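Participant: There's a structure below that I have some questions on.
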Amino acid sequence: MGDIKIVGTAHVSQKSVDEVTDAIETFEPQIVAVELDRGRLMVLKGEAAPPSVDAVLKGGNFSAIIAQWLLAYVQRRIGKETGVSPGAEMMAAVELAEERGIPIALADRDIQITFSRFWHLMPLFEKLKMIYALVGSVGGAGKAGQEMDIDAMTDQDMISAAMDEFRRFAPKGAAALIDERDAYLAHAIHDLGKVYDRVLAVVGAGHREGINRYLEHPETLPSKASLTEQPKTFPWAKFIGFFILATFAFFLILIAFSGAGLDVLLSAMIWWVLINGILAAIGVFAAGGHPFSALTAFAVAWMTSLNPFMAAGWFAAITEAKIRRPSAADFSRIAEADDLNDMRKNPLFKVVLVAALANIGSIVGTFVYIIFIMPILGIDPREILSAGLTNLMTYLGGILPF
């Protein structure tokens, strides 16, 4: 193995930029490995083309997109306050290496894989806590009296405390965002050490301890395939969707067989349409969506709530996109927003927010319906269930051959 030097940085620290520059000048590495993938390098160089609006809509996971934008916003905001752009130390390493003709290795996992695993591995409660914390951070960014010592963020004691806190806050998210990337980066650096005599690795300070641990015991490294494959999690969303569909259908069947009358059955169906539609439309209005987008959410929510493969927010987002007509330039404008209100005025952000809140409204509508439909209809659920089930079994007993 060659000589490996790891520089742990804070991504928005001038001190880190200076440390990277000094390390390249004094260590004279044969190769410089940076905590970047090709996509992020293109972004830092200003050469990346923003994805199309259609690509954003087809992605479908609107809550994850919002969380990713908010996470990036918080980092950019800290960078503005410190006067150092996020990733400046990585660019310093890349530019200085290029000036000296030193090869560059992109050692990090693709950001889309990282965020996909990060989002899919987190349970619902962790996701809700994460979005709540990010919204709070965006709302509080830049306020007077909130100062942080960015240079101290490379201190190992502070880093360890921060990592421990993050693991308590979101253990599954921390595993994907920190631990898995420790292993992926260690894989890349270890492989480079077999080829080059002097390897300089520039990574976030939070990864330094984990990488060193793997380099000391490379036999403990998980396989690269296990770090890049799509996480296999139970499809709870589809399971719940099919369960709701089956429950709703069974509920209507019991009403029909209970003798409560056609008017009760018709009322149950009308209330399903109204409750789902109204709450989905409220979600659209909460996002600042157009009335036509709200009308679309209202019109489809009753149906999408019964179909695990469809979502009211997707239809509302398509309508919003046709009316607001967001452009590729809106991606960069999201990055320039000063606060959450500015982000909400951005047509592209608004389209995604409309989709997310319409979906949430429709989901809430389903549970509201389940809880309140019996009192609304003025019927005793025990009588309906008992009479309906008895009559249904009698009917089935008369037509089945056994």
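Participant: Using only helices, what value at 222 nm comes out for the chain when you add -39,500 (n - 2.57) per DSSP H run of length 4 or more and divide by the total residues, to the nearest 500 deg cm²/dmol?
Facilitator: Helix-only estimate at 222 nm: -22000 deg cm²/dmol.
Participant: Considering only protein heavy atoms and a probe of 1.4 Å, how much of the accessible area of the chain is carbon and sulfur, as a whole percent?
Facilitator: That share works out to 62 percent.
Participant: Continuing with this model, one more query. Quick one: length gained pulling S327 to L262 fully straight, 0.36 nm per residue minus the C-alpha distance?
Facilitator: 18.4 nm
Participant: Could you tell me how many degrees, from 0 to 90 and to the nearest 10, lie between the Cα long axis of helix 88-99 and the main elongation axis, the longest principal axis, of the Cα atoms of the chain?
Facilitator: 50
Participant: Please list the non-local residues whose amide H lies under 5 Å from the amide H of I4, H modeled 1.01 Å from N, same-chain partners needing a gap of 5 or more.
Facilitator: The answer is V199.
Participant: Next up: Accessible area, 1.4 Å probe, largest first: how do S332, S258 sort?
Facilitator: Result, largest first: S332, S258.
Participant: While we're here: So which residue, out of A246, A316, A280, gets the largest mean-square fluctuation from a GNM of the chain using Cα contacts under 10 Å as springs?
Facilitator: A246
Participant: Let me ask something else. When the Cα centres of segment 332-365 and segment 208-254 are compared, how far apart do they sit, in Å?
Facilitator: 26
Participant: Going by the alpha-carbon gyration tensor, a ≥ b ≥ c the square roots of its eigenvalues, is segment 218-330 rounded (a/c under 1.5) or, if a/c is not under 1.5, prolate (a/b greater than b/c) versus oblate?
Facilitator: Oblate, since a/c reaches 1.5 and b/c is not below a/b.
Participant: Quick one: compute the contact order of the chain, relative version, from alpha carbon pairs under 8 angstrom and 6+ residues apart, as a percent.
Facilitator: 22
Participant: Okay, next question. State in Å² the accessible area per residue of segment 219-264; use a 1.4 Å probe, count heavy atoms of protein chains only, and round to the nearest integer.
Facilitator: Ligands and nucleic acids excluded, the figure is 66 Å² per residue.
Participant: Using a 1.4 Å probe and counting only protein heavy atoms, arrange Y395, Y369, Y184 so the residue with the most accessible area comes first.
Facilitator: So, going from the largest accessible area down, we get Y395, Y184, Y369.
Participant: At 25 °C and a viscosity of 0.890 mPa s, what translational diffusion coefficient does Stokes-Einstein give for segment 261-397, taking Rh as the Kirkwood radius over Cα pairs? Give it in µm²/s as a whole number.
Facilitator: Calculated translational D: 148 µm²/s.
Participant: Provide the per residue accessible area, probe 1.4 Å, for segment 304-402, rounded to a whole number of square angstrom.
Facilitator: 54
Participant: What angle do you read, to the nearest 10 degrees and between 0 and 90, between the alpha-carbon axis of helix 291-304 and the longest principal axis of the chain?
Facilitator: Orientation of helix 291-304: about 70 degrees from the principal axis.
Participant: Starting from the Cα of L389, step 7 Å along the direction of its Cβ; do the same at R38; then give the gap between the two resulting points in nm.
Facilitator: Each label point is offset 7 Å from its Cα along the Cβ direction, giving 6.0 nm.
Participant: Subtracting the Cα-Cα distance from 0.36 nm times the residue separation, let me have the gained length for F372 to Q230 in nm, one decimal.
Facilitator: This chain segment gains 47.2 nm when fully extended.
Participant: Further, regarding this structure: If one takes the longest principal axis of the Cα atoms in the chain, at what angle in degrees, from 0 to 90 and to the nearest 10, does the Cα axis of helix 205-216 lie?
Facilitator: The angle comes out near 80 degrees.
The values are calculated or read from the model by the stated rules, or taken from the named source; none is laboratory data. All of these numbers come straight from a predicted model, not from anything done at the bench. In this analysis, Cβ positions are derived from the backbone assuming ideal geometry, glycine residues included, and neighbour counts consider all displayed protein chains. Protein only, heavy atoms only, side chains kept; ligands, DNA and RNA dropped before computing areas. Shrake-Rupley method; radii C 1.70, N 1.55, O 1.52, S 1.80 Å.
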